[in-house]
1. Measure off, as a whole percent, the carbon and sulfur share of the 1.4 Å-probe accessible area of the chain, all protein chains present.
2. Tell me which chymotrypsin sites (Phe, Trp or Tyr not before Pro) from region 198-307 have a DSSP coil assignment and no more than 12 other beta carbons within 10 Å of their own.
3. Which listed residue (P238, Y36, L447) has the Cα farthest towards the positive end of the charge dipole for the chain, taking +1 on Lys and Arg C-beta and -1 on Asp and Glu C-beta about the Cα centre?
4. Could you provide, to the nearest whole Å², the per residue accessible area of region 2-401 with probe 1.4 Å?
5. From the phi angles alone, apply the Karplus equation (6.51, -1.76, 1.60; θ = phi - 60°) to region 440-451 and give each ³J(HN,Hα) in whole Hz, x where the residue is Gly or Pro.
6. Ordered by residue, what ³J(HN,Hα) values in Hz, to whole numbers, does region 139-147 give under the Karplus form 6.51 cos²θ - 1.76 cosθ + 1.60, where θ = phi - 60° and Gly and Pro are x?
7. Using amide H atoms built in the peptide plane, which far-off residues or other-chain residues are under 5 Å from M241 H to H?
8. Run the 1.4 Å probe and let me know the accessible area of D467, rounded to the nearest 10 Å².
Amino acid sequence: MYYFLLLLSAVLVCGQQRKNVLFFAADDMRPELGAYYGADFPSSIHPDMHTPNIDALAAKSLLLKRAYVQMAVCSPSRTSLLTGRRPDTTRVHDLQHNWRTVAGNFTTIPQYFKENGYRVAGHGKIFHPGRASNNNDPISWTEPYFLPSNDHWVEESRHTWWAASKTKTDQYPLIDQQTATAAIETLKKLSAKAKTGEQPIFVAVGFHKPHLPFLFPEELLKLYPRESIRLPKNPHAPVNMPEVAWTDFSELRSYKDINTQYGFGGINSTLPDDVVIDLRRAYYAAISHTDDLVGQVMQALEDEGLSDSTIVSFWGDHGWQIGEHGEWCKHTNFEIATHAPMMMHIPGVTNSGVTTEVFTEFVDLFPSLAEAAGLPTIPLCPEDSRSIATCTEGKSFVALASNPTQPWKLGSFSQYPRMLIDGNLVMGYTVRTDKYRYTEWREYDGLMFTPIGDASGDVELYDHVKDPDENVNVADKAGYTEIQKDMKRILRAGWRKALPVM
Ligand SMILES: *[C@@H]1O[C@H](CO)[C@@H](O)[C@H](O)[C@H]1NC(C)=O
Ligand SMILES: *[C@@H]1O[C@H](CO)[C@@H](O)[C@H](O)[C@H]1NC(C)=O
């Protein structure tokens, strides 16, 4: 007993106690953040984004400037990130299926912390709700799950965007305001034991914005004067783009102010300029709304004295097209849909901020969090991992915090399925390397979760040196024969062959 106490106090005195985790998620947030702006980063970021809180977090984090999601739609992306496995392994390609029933009983990130003695509390949107997660995956949490209510905002929510008055939000807080408030209460409730190291906490805070409808406090519009908003410089679909690459943005058209009045989302049938401007403006305001709430929760973490003992992870579940290519929403394999924000603050390790531009993937988060928190290493999954509860198809990125420019992954892999008019299923597999993006749309067996045969189907190749906006598909064009062969080899060899050689 004496020995045990001695050990325990030594652990506490040396500050070796296990770190807490604050786990933020944002929905449909592309890296349209101040922290991502810069000459080194070609993108269409509005130059005056107002995101001081996420920028401050980025400034004390490992900022993964080139992190890509595995599938640009909510449940497949989140399921992949939360289980650390790719969509053909989780078998989740839609918003209905649950990996535990269709693929295997795979351990999730919060579940892993629970199994390692943490108190684990979830708020808002972490898993895709409903059937896809059996209502927020009860196995993953130790505390009652918090879900906000949209009951007082039903009519406003039928519009793509709405600037909510202060009078009304004071009476009926917006869903993410409720989520932030609940998370702050949880931090207050659980902080005492977390601070002493008696019982560490994992607190997940999932914001629903900047997802449609863009509903935000009206004062945020002032940050983005209408005349400062620019149209995308590439309102047309890429030259030589195969039709299968396109999404008809039915999600945006399901709102009553868009509907069918501007057509049916056909290729090159973009929305009128004034609608595009309004939507871009509202998207930016919705991002600033999320930023505000991140700031409130971060303040609470500090007020509770937990800042120095808490890992803070932040990610958005995928990118979002706001009129580039005349395209809207996610649901594609393009750069703007697959590229998303990811950063991790590790106290004492990333305090002065580290930025990396090597390729990382969202499957990397699970093994990274385990490593940062000092939990047992998540092993690499074998080819068939259906019967293995805990393993990963990602790689911990924590080593990048001490050496952000070391040779790392060759590229990032994503995929997106499409049902063709003839009822056949195809899977678009894509890989982004330093200079190129290469995509093949292959016939796909939806029961076996694997491509059929060897044919490449429609192919896309974008030259990111000459064409960072992916405006011209140069597949099969003169001068690209060798590059295309190389990219095909990298895509077909797959993610295992793209891992860094250690
Ligand atoms: C899945 O794993 C969890 C955690 O080990 C366990 O509680 C649950 O019963 C398992 N479910 C099935 C269907 O095996
Ligand atoms: C869309 O517009 C671009 C630019 O004008 C053109 O190159 C492309 O062929 C068009 N695509 C279709 C399918 O019409």
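The values are calculated or read from the model by the stated rules, or taken from the named source; none is laboratory data. Quick caveat, the model's predicted, so the values are computed rather than measured. Here the Cβ is made from the backbone with ideal geometry for all residues, glycine too, and neighbour counts use every protein chain on show. Side chains are part of the model used for accessible areas, which takes the heavy atoms of the whole protein and leaves out ligands, DNA and RNA. Shrake-Rupley method; radii C 1.70, N 1.55, O 1.52, S 1.80 Å.
1. 54
2. Of the chymotrypsin sites (Phe, Trp or Tyr not before Pro), the ones in loops of region 198-307 whose Cβ has at most 12 other Cβ atoms within 10 Å are F264.
3. Result: L447.
4. With all protein chains present, region 2-401 gives 37 Å² per residue.
5. Per residue, the Karplus-derived 3J(HN,Hα) values read 10, 9, 9, 4, 9, 8, x, 8, 9, 6, 8, x Hz.
6. 4, 7, 10, 9, 9, x, 7, 9, 10
7. It is N473, by chain and number.
8. The accessible area of D467 comes to roughly 20 Å².
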